[in-house]
Amino acid sequence: MAVKNGGKALIDVISIPAEKCVERAYERGKEEGRLVPREYNINANINVPKNFHDIMSKYTGKNIEYKIVDNDVERGKKRY
């Protein structure tokens, strides 16, 4: 909607292998008592690249800023 109304869209894409996403969600669930269904994480991991590509294709030349973040790092560690 921002782009359609002359604004700027900011998109952050977080990248992590599906199996690590599921493992981390399970560990967080044990610690925090809130479980995210495994299917949700798998589907999100599959759909994000496609959705991102579709958005970028549809709005080529528009005022969109994006960053892709690789979240495949050891828990508690910083990439840089």
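Here are the numbers for the structure shown:
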read-out: Exposed trypsin sites (Lys or Arg not before Pro) absent - longest run of the chain, DSSP non-H/G/I/E/B, at most 12 other C-beta within 10 Å; value: 35-74
read-out: Total lysine pairs whose alpha carbons fall under 22 Å of each other in the chain (8 or more apart, or interchain); value: 20
read-out: Size-normalised alpha-carbon gyration radius of the stretch 9-70, reference 2.2 N^0.38 Å; value: 1.35
read-out: Cα-derived Rg to Rh of the stretch 1-42, Kirkwood definition; value: 1.25
read-out: For the stretch 50-63, Karplus couplings with θ = phi - 60° (6.51, -1.76, 1.60), whole Hz, Gly/Pro x; value: 5, 4, 4, 4, 4, 5, 5, 5, 5, 10, 4, x, 8, 7
read-out: The stretch 9-70, dipole about Cα centre (Lys/Arg Cβ +1, Asp/Glu Cβ -1), debye to the nearest 20; value: 160
read-out: The chain, helix-only ellipticity at 222 nm - DSSP H runs n ≥ 4, -39,500 (n - 2.57), divided by all residues, nearest 500; value: -15000 deg cm²/dmol
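Each reported figure results from applying straightforward, stated rules to the coordinates on display, with no laboratory input. Because the structure is a prediction, the values reported are computed rather than measured. Virtual Cβ from ideal backbone geometry, glycine too; neighbours counted across all protein chains shown.
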